[in-house]
């Protein structure tokens, strides 16, 4: 499992996932006002690189950063960690909780069963 992203790091990664390779200045343009200082963003990007989510490519006298781990891979790892930590590694227990809390109804479950049956074919 990859290290976790902090909330601020995850905000930046969502921008990379949405827009592809970026220079830090371009990344800052996607952030809401008030814009953080360049050095603050550069430090967060450095941490994300160290965690293995981004890689940097030298370009002229700067670096462009690109994704190493897709959003889907990150989500899958996060879900797996939650299931392992809170549900004894049982996806059945996770889904059962959704049913108990009325977050999934019978139609949702039928759709899930259909997906499971189609994946087996």
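The values are calculated or read from the model by the stated rules, or taken from the named source; none is laboratory data. What you see is a predicted model; the values in this text were computed from it and never measured. Here Cβ is always computed from backbone atoms with ideal geometry, including for glycine, and neighbour counts include all displayed protein chains.
What to note about this one:
- Condition check for residue 5: more than 24 Å from residue 79 (Cβ to Cβ), surrounded by 13 or more Cβ atoms within 10 Å (Cβ to Cβ) and under 20 Å from the mean Cα position of the chain (by Cα): no
- The number of residues in the stretch 91-108 that are surrounded by 12 or more Cβ atoms within 10 Å (Cβ to Cβ) and not in a helix (DSSP H, G or I) comes to 1.
- If you go through the stretch 10-53 and keep only what is at negative phi, within 14 Å of the chain's Cα centre (by Cα) and in contact (Cβ under 8 Å) with a residue 40 or more places away in the chain, you end up with 13, 14, 16, 17, 48, 51, 53.
- Residue count for the stretch 58-69 under the criterion of being over 14 Å from the mean Cα position of the chain (by Cα) and surrounded by 12 or more Cβ atoms within 10 Å (Cβ to Cβ): the result is 4.
- Yes/no for residue 72 being more than 19 Å from residue 7 (Cβ to Cβ), over 23 Å from the mean Cα position of the chain (by Cα) and assigned to a helix (DSSP H, G or I): no
- Among the numbered conditions (1) in contact with a strand residue (DSSP E or B) (Cβ under 7 Å, 6 or more places away or on another chain); (2) loosely packed, with under 13 Cβ neighbours inside 10 Å, the only one that residue 16 does not meet is (2).
- Qualifying position, being at pLDDT below 95 and over 28 Å from residue 109 (Cα atoms), among 4, 66: 4
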